[in-house]
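Undergrad: Take this structure, written in structure tokens, and hold onto it; I'll ask about it next.
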Amino acid sequence: MKINRCGQAEALTKEMFQKVLGEIKNDSHRLIFALCWYTTERPSAILQLQVSDVYGSARVPLEKMVIAARTRKDKKTREVPIATALRQELKAYSAPSEGYLFPGRAGHLTFSAYDKGLRRVFEKLGLRGFSTYSTRRGSLTTLSRSGAGIRQIQALSGHASLGNLQRYIEVSDSEVAAIAAML
């Protein structure tokens with residue numbers, strides 16, 4: 001559990017994700033949060049998205065969005081299908097005509113600004129141990145618990161290593177007990 005910004009963030013469940021999403025009033029923060037969940041991407045890469053990475057002409061969401069190598073920790077470009085629910089969030093967002101999807105004073109919106117806003121929402125909802133990475137951990141855990149194969153999850157998340165991917169997926173005591181009962 002994450003305590004005083006140390007340790008591993010708790011994973012959000014799909015229900016928690018929906019609750020938090022509904023509580024975020026800032027349009028940019030809401031879309032960043034949704035993009036992190038539906039793409040399983042790090043917030044730092046999402047903050048650096050360009051309008052053209054997500055929208056086509058007339059600001060219509062693309063079928064697949066591009067997360068450029070320059071924004072990612074592993075320096076590899078990803079193409080991620082835009083899920084129906086994410087498409088609705090993108091349609092509702094008033095995107096700038098060009099440049100950064102989330103403009104800020106000196107380029108794009110800062111990680112710090114997003115982090116502070118999200119921490120306020122978590123605090124308001126009484127959610128302790130959650131952080132900006134809770135979307136990534138939660139979406140990957142949700143996919144695993146829903147029966148998606150680990151290689152499918154790896155293809156969506158862009159993890160080069162299964163070992164690194166597995167660190168993001170939560171396993172509960174009841175899940176361990178259930179597989180032990182199979183023996």
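None of the figures in this text is laboratory data; all of them are computed from the coordinates on show. The shown structure was predicted, so the numbers you read here are calculated from the model rather than taken from an experiment.
Undergrad: At 222 nm, what value in deg cm²/dmol follows for the chain if DSSP H runs of at least 4 each add -39500 (n - 2.57) and the sum is divided by all its residues, to the nearest 500?
TA: Calculated at 222 nm, the ellipticity per residue is -13500 deg cm²/dmol.
Undergrad: If contacts are Cα pairs under 8 angstrom and at least 6 residues apart, what is the relative contact order of the chain in percent?
TA: Values: 233 pairs, mean separation 53.3, N = 183.
This gives 29 percent for the chain.
Undergrad: Where the centre of each part is set by its Cα atoms, how far does the range 119-143 sit from the range 25-72, in angstrom?
TA: 18
Undergrad: Which aspartates and glutamates, on any chain, are close to Lys25 with Cα under 20 Å apart, when same-chain ones fewer than 8 places away are left out?
TA: The reachable aspartates and glutamates, counting only those whose Cα sits under 20 Å from Lys25, are Glu15, Glu89, Asp115, Glu123.
Undergrad: Hey, what do the phi angles of the range 76-85 turn into as Karplus ³J(HN,Hα) couplings, whole Hz, using 6.51/-1.76/1.60 and θ = phi - 60°, x for Gly and Pro?
TA: For the range 76-85, the Karplus curve yields 10, 5, 10, 10, 10, x, 8, 5, 4, 5 Hz.
Undergrad: Using amide H atoms built in the peptide plane, which far-off residues or other-chain residues are under 5 Å from Tyr55 H to H?
TA: Residues meeting the criterion, in which the H sits 1.01 Å from N, are Leu62.
Undergrad: Aspartates and glutamates near Lys124 by alpha-carbon distance under 12 Å, same-chain residues fewer than 8 away left out - which ones?
TA: The qualifying aspartates and glutamates are Glu23.
Undergrad: I need two numbers for the chain: Rg to one decimal and Dmax as a whole number, Cα atoms only, in Å.
TA: 16.6, 58
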